[in-house]
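**Q** Sending over a structure as structure tokens; questions will come in a sec.
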Amino acid sequence: MQRTGWVSSQIFLQHDTGPGHLECPGRLQAIWKALAQSGRDQVLDSREPRQAGLDEIGRVHQGDYVQRVQATILDGATQLDPDTPVSPGSWKAALAAAGGAIEACERVLAGEWKNAFLAARPPGHHAEYESSMGFCIFNTAMIAARHLQAKLDIERVAILDWDVHHGNGSQHLSERDPSIFYASVHQAPHFPGTGAREERGLGAGEGTVLNVPLAAGAGDEEFVAALEDDLLPAIEEFDPEFLIISAGFDAHAGDPLSDTRVTDAGFMRMGQAALALAGRAAEGRVLTVLEGGYNLECLSRTVNDHLGLLLEA
Ligand SMILES: [Zn+2]
């Protein structure tokens, strides 16, 4: 029987963002604890991530940027940019986040796993071609998408991003490419400021970006409607062979980095709708990648709930 894959690691705790930072190692520890308490850790197929190769990261990021990140971290710097603190352990964590996503795609495509969840940090969706941004170093979702295309005979990949912040990096890295559909629901106006309705892709990629910006105060009904009425039908028409969910859980009512009001039940409905679409369009092939989520209790509950959906899918 195909199982749900779970990729996480102590390596990710070594990405030390300093005292009081919201994107902290405790996020993963809270998730692990909730998983153990629910017993789901016993039924998931857990794997340690491998480290991505520089060639695999280089499918998405500029080589000079990757080298600069390595040199900066290994030189002992504490910031890559004003929003992205690093520590000596950040380099291996960043490579493992990318490698974990790659490995999860390989296991799903091999039929070993029906779907998978990557619980890594740093997160990825703000990372641009040649810059870190917003707690993100390498763009995990895009590295996974490019690996699917380069090595696993997948042509069309959809990225569904329900983190409360727009995934500027994922959009910019795919918006000229008709083989990747980027779909996002997010709070606006809000960091990082991109993600307007009018941004629909560029050049040959025209029509393969879709954004649903929602005002502060939006809750379950607005987020679920964004998926059911806009994003998922567009993804289905695109007909992806693989779905990557950039799953931030920071649209939660309890999250300190948003003014939106999604509840646990809302995230369940979003997950159900997304997995139903993947079942119809992509033979159920889904990799969920953890992005944001900064209230540890809300985050650990909603991730645990989402894993329940992956297990039942
Ligand atoms: Zn976020």
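The values are calculated or read from the model by the stated rules, or taken from the named source; none is laboratory data. Since we're looking at a predicted model, the values are computed, not measured. Backbone-built Cβ (ideal geometry, glycine too); neighbour counts: all protein chains shown.
**Q** Looking at (1) part of a helix (DSSP H, G or I); (2) more than 16 Å from the ligand (Cβ to nearest atom); (3) over 17 Å from Gly58 (Cβ atoms), can you tell me which one Gln171 breaks?
**A** Checking Gln171 against (1) part of a helix (DSSP H, G or I); (2) more than 16 Å from the ligand (Cβ to nearest atom); (3) over 17 Å from Gly58 (Cβ atoms), the one that fails is (2).
**Q** Which residues, counting only those in the stretch 6-26, are touching a Leu at 6+ places or on another chain (Cβ under 7 Å) and either at pLDDT below 95 or under 22 Å from Ile102 (Cβ atoms) (or both)?
**A** Hits for the stretch 6-26 are Trp6, Val7, Ser8, Phe12, Leu13.
**Q** So how many residues does the stretch 220-276 have that are closer than 19 Å to Tyr182 by Cβ, surrounded by fewer than 22 Cβ atoms within 10 Å (Cβ to Cβ) and of a type outside the set (A, V, I, L, M)?
**A** 9
**Q** Kindly indicate which of Leu160, Leu148, Leu173 is over 11 Å from the mean Cα position of the chain (by Cα) and under 22 Å from Asp250 (Cβ atoms).
**A** From the options Leu160, Leu148, Leu173, the qualifying one is Leu173.
**Q** Consider only pairs whose beta carbons are under 6 Å apart and that are at least six residues apart or on different chains; among these, list those whose first residue lies in the stretch 19-41 and is within 16 Å of Leu309 (Cα to Cα) and whose second residue is among the hydroxyl-bearing types (Ser, Thr, Tyr) and buried (at least 16 other Cβ atoms within 10 Å of the Cβ).
**A** As it stands, the answer is Ile31/Ser300; Ala34/Ser300, since those pairs meet every condition given.
**Q** Which residue, of Arg200, Arg261, is among the basic types (Lys, Arg) and over 21 Å from Asn295 (Cα atoms)?
**A** Only one candidate passes the filter, namely Arg200.
**Q** Only one residue in Val60, Val66, Val86 is within 20 Å of the chain's Cα centre (by Cα), surrounded by 15 or more Cβ atoms within 10 Å (Cβ to Cβ) and closer than 26 Å to Leu296 by Cβ, so which one is that?
**A** Val86 is the lone residue from the list that is within 20 Å of the chain's Cα centre (by Cα), surrounded by 15 or more Cβ atoms within 10 Å (Cβ to Cβ) and closer than 26 Å to Leu296 by Cβ.
**Q** Then there is this: Mind telling me which of the residues Ala158, Ala145, Ala141 ends up being closer than 20 Å to Gly293 by Cβ and either within 14 Å of the ligand (Cβ to nearest atom) or buried (at least 24 other Cβ atoms within 10 Å of the Cβ) (or both)?
**A** Ala141
**Q** Sticking with this structure for a sec: Being crowded, with 24+ Cβ neighbours inside 10 Å, small (Gly, Ala, Ser) and in a loop (DSSP other than H, G, I, E, B) narrows it down to one of Gly100, Gly111, Gly124, so name that one.
**A** Going through Gly100, Gly111, Gly124 in turn, just one is crowded, with 24+ Cβ neighbours inside 10 Å, small (Gly, Ala, Ser) and in a loop (DSSP other than H, G, I, E, B): Gly124.
**Q** For the stretch 122-152, give me the residue count where each residue is closer than 16 Å to Ile180 by Cβ and either in contact with an Asp or Glu (Cβ under 9 Å, 6 or more places away or on another chain) or without any contact (Cβ under 8 Å) to a residue 40 or more places away in the chain (or both).
**A** 13
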